[in-house]
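To keep things clear, I will list the structure first and then write my remarks on it.
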Amino acid sequence: MKTQYYTATSLDGFIADAENSLDWLFQFGEPENGSYSNFIREVSAIAMGATTYEWILNHPSDDNSNPVWTYEQPAWVFTSRSLPTIPGADIKFVKGDVRPVHQEMSAAAGDKNIWLVGGGDLVGQFYDHGLLDEIIVQITSVTLGSGAPLLPRRIVTPPLKLLSATVYGHAFAELRYQVFPPE
């Protein structure tokens, strides 16, 4: 079981623009022969921050303008606010220290993986406690200048270990890194 941060970023390191929009990313569609379908098959638990969850709520993808939850896995949404639920979704709203929540998620995941959907600060909290095993990032061929950073942490010693680099189409380069606990 691994705890993985799987995301897309602009070339200059932002996962959302200054208005928390992902329109810059959606112009590309799914990467040709991308890794997502293989990745999601190995995931049994999901964590996300409130901003990511609110983005899902505010960007309905069905004809009735209702938010659509595309995940079959249970999800833990980290928030200090009261947020609406999505009917039929297995969502737990949590706050505070990521360590006890990670233990609960690990039990639910079994021998499959935990996906840290985002945002970068939440992922940083998992990293701070040595609970992040892998970063899988698809770098897109745009720059945003500002926005939500990929991972607002200084990771120098020990450095990340590059495991693979793959090109998908003309817009994506996927980098996979092993993460070691901070010293």
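The values are calculated or read from the model by the stated rules, or taken from the named source; none is laboratory data. Everything numeric in this text was worked out from a predicted model, so none of it was measured. Cβ atoms come from the backbone with ideal geometry, glycine included; neighbour counts cover every protein chain shown.
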query = Do we find that Glu72 is under 22 Å from Met105 (Cβ atoms), acidic (Asp, Glu) and free of Cβ contacts under 8 Å to residues at least 40 places away in the same chain in this structure?
reply = yes
message = Which count do you get for residues in the range 147-183 that are at negative phi and in a loop (DSSP other than H, G, I, E, B)?
response = 18
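From Phe93, Phe28, grab the single residue that is surrounded by fewer than 18 Cβ atoms within 10 Å (Cβ to Cβ) and among the aromatic types (Phe, Trp, Tyr).
Working: Phe28 fails: surrounded by fewer than 18 Cβ atoms within 10 Å (Cβ to Cβ).
Going through Phe93, Phe28 in turn, just one is surrounded by fewer than 18 Cβ atoms within 10 Å (Cβ to Cβ) and among the aromatic types (Phe, Trp, Tyr): Phe93.
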query = Any idea which of Glu104, Glu54, Glu32 is of a type in the set (Asp, Glu) and part of a loop (DSSP other than H, G, I, E, B)?
reply = Glu32
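Output yes when any residue across the range 40-58 is exposed (fewer than 12 other Cβ atoms within 10 Å of the Cβ) and at pLDDT 90 or above, and no when none is. Outline the logic, then answer.
Going residue by residue through the range 40-58, those that are exposed (fewer than 12 other Cβ atoms within 10 Å of the Cβ) are 41, 58.
Then keep just the ones that are at pLDDT 90 or above; that gives 41.
Yes, the range 40-58 contains at least one residue that is exposed (fewer than 12 other Cβ atoms within 10 Å of the Cβ) and at pLDDT 90 or above.
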ask   = Consider Leu11 against the criteria (1) outside any loop (DSSP other than H, G, I, E, B); (2) surrounded by fewer than 19 Cβ atoms within 10 Å (Cβ to Cβ): it satisfies all of them except one. Which criterion is unmet?
value = (1)
ask   = Can you name the residue in the range 109-120 that is within 20 Å of Ile56 (Cβ to Cβ) and out of contact with any Lys or Arg (no Cβ under 9 Å at 6 or more places or on another chain) and, of all such residues, is surrounded by the most Cβ atoms within 10 Å (Cβ to Cβ)?
value = Leu116
task = Those residues that are out of contact with any helix residue (DSSP H, G or I) (no Cβ under 7 Å at 6 or more places or on another chain), part of a strand (DSSP E or B) and not small (Gly, Ala, Ser), I need them from the range 14-29; list them, please.
result = Phe14
remark   = Restricting attention to the range 125-149, the residues that are crowded, with 18+ Cβ neighbours inside 10 Å and either of a type in the set (Val, Ile, Thr) or within 16 Å of Ala47 (Cα to Cα) (or both) number exactly 12
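Which of the residues that make up the range 128-143 are hydrophobic (A, V, I, L, M, F, W, C) and either closer than 10 Å to Thr3 by Cβ or out of contact with any Leu (no Cβ under 8 Å at 6 or more places or on another chain) (or both)? Step through it out loud before you land on a result.
Looking only at the range 128-143, we keep the residues that are hydrophobic (A, V, I, L, M, F, W, C), and these are 131-132, 135-137, 139, 142.
Listed by number, the residues that qualify are Leu131, Leu132.
Let's see how each residue does on (1) among the hydrophobic types (A, V, I, L, M, F, W, C); (2) out of contact with any Pro (no Cβ under 8 Å at 6 or more places or on another chain):
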{"residue": "Val68", "(1), (2)": "yes, no"}
{"residue": "Tyr71", "(1), (2)": "no, yes"}
{"residue": "Pro74", "(1), (2)": "no, yes"}
{"residue": "Val77", "(1), (2)": "yes, yes"}
{"residue": "Glu104", "(1), (2)": "no, yes"}
{"residue": "Asp111", "(1), (2)": "no, yes"}
{"residue": "Ile114", "(1), (2)": "yes, yes"}
{"residue": "Gln125", "(1), (2)": "no, yes"}
{"residue": "Ile139", "(1), (2)": "yes, yes"}
